[in-house]
1. Towards the positive end of the charge dipole of the stretch 179-267, with charges on Cβ (+1 Lys, Arg; -1 Asp, Glu), say which of Met217, Ala186, Ser267 has the farthest Cα.
2. Trypsin sites (Lys or Arg not before Pro) within the stretch 115-178: which are DSSP loop residues with at most 10 other Cβ atoms inside 10 Å?
3. Just to confirm my numbers, what's the Cα centroid distance between the stretch 69-122 and the stretch 178-250 in Å?
4. For the stretch 155-218, report the % of Cα-Cα distances exceeding 18 Å.
5. Along the positive direction of the dipole of the chain (beta-carbon charges: Lys, Arg +1; Asp, Glu -1; about the Cα centre), which of Val165, Val52, Ala238 reaches farthest?
6. Over the chain, how many percent of alpha carbon pairs lie in each 10 Å bin up to the one with the longest distance?
7. Total Lys pairs in the stretch 41-192 closer than 25 Å by alpha-carbon, pairs eight or more apart in sequence or interchain only?
8. Below 10 angstrom from the Cβ of Tyr74, what's the summed charge of the other residues (Lys, Arg +1; Asp, Glu -1)?
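Throughout, read-outs are computed from the coordinates displayed, never taken from laboratory work. Model, not experiment: these values are computed from the prediction. With ideal geometry, Cβ positions are generated from the backbone for all residues, glycine too; neighbour counts draw on all protein chains shown.
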Amino acid sequence: MDCCRMKEAAEHNMKMHPMWQEPLAIPGGDRQSPIDIVIRKSVYDSELKPLVTDYDPQTCQQIWNNGYSFLVEYDDTTDKSTVKGGPLQDKYRLCQFHFHWGESNAWGSEHTVDRKLFSAELHLVHWNSDKYSLFEEAVMEENGLAVIGVFLKVGKRHEGLQKLVDALPAIRHKNSVVDFNRFDPACLLPSNTDDYWTYHGSLTTPPLTESVTWMVMKQHIEVSHDQLAVFRSLLFTAADEEVQKGMVNNFRVQQSQCGRTVRSSFSPFLQEAPSAEEGKH
């Protein structure tokens, strides 16, 4: 079922997504993203520490429709909003977050877990401020970027997301920008950020550079169908374009794993049975 859905989603994606309408110069490498995370092939690494996110909502600046998604952008001139720990050796500054979603709730995520598709996927994009002085420099370099991926599943309304959803109609068209302040991206993280998969990969949008340490959360967050419907009301096109195109299926098709190891911060074989501790909560 999911394999058929993936093929269908990929076909829709190639037709709809403006980014893939023209030939792209893809870096010749074997570390492209996204990938399918196969649980039984992931390797438990007891050395993987918990992630430490420290976000200052005051650094939130604006939202803009870049014609592929909408970006919520943060002031990254200081270390006020950062992530460290986990697989990371350095401190990374948050510069923006964005989402990828489908035209229906049946697909939309870029990564999958054992071929399971989610309705959407959140990416919090950070760059290595210990080693580099600008995002533009870090994006081209080894260990330059760290991206936290969070799956979205349709269910109950997400209260934290609603402030963002309410702002989206103002940036319906490509190149629209509005001020957006005091938004805490931590509210979009799942309650458990200790359990994640990590691997070396790439950006999933141009320039597709292989500079990303991915940290994909095991726990998803829930959003309502109506909230995702507002995402789908955005447009790939500018206001003055004759033919308007709805912003849906704005994900990249999956890439070959090419022998890369996906490490997990948790033992994949212990996930089915809740521990005695979990039972107490």
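1. Farthest towards the positive end: Ser267.
2. Loop-located and lightly packed - Lys156.
3. What the calculation gives is 6 Å, centre to centre.
4. Everything past 18 Å amounts to 61 percent.
5. So the residue furthest toward the plus end is Val165.
6. Using 10 Å bins, I get a P(r) of 7, 29, 39, 22, 4, 0, 0 for the chain.
7. So the count of such lysine pairs works out to 16.
8. Around Tyr74, the surrounding residues sum to -2.
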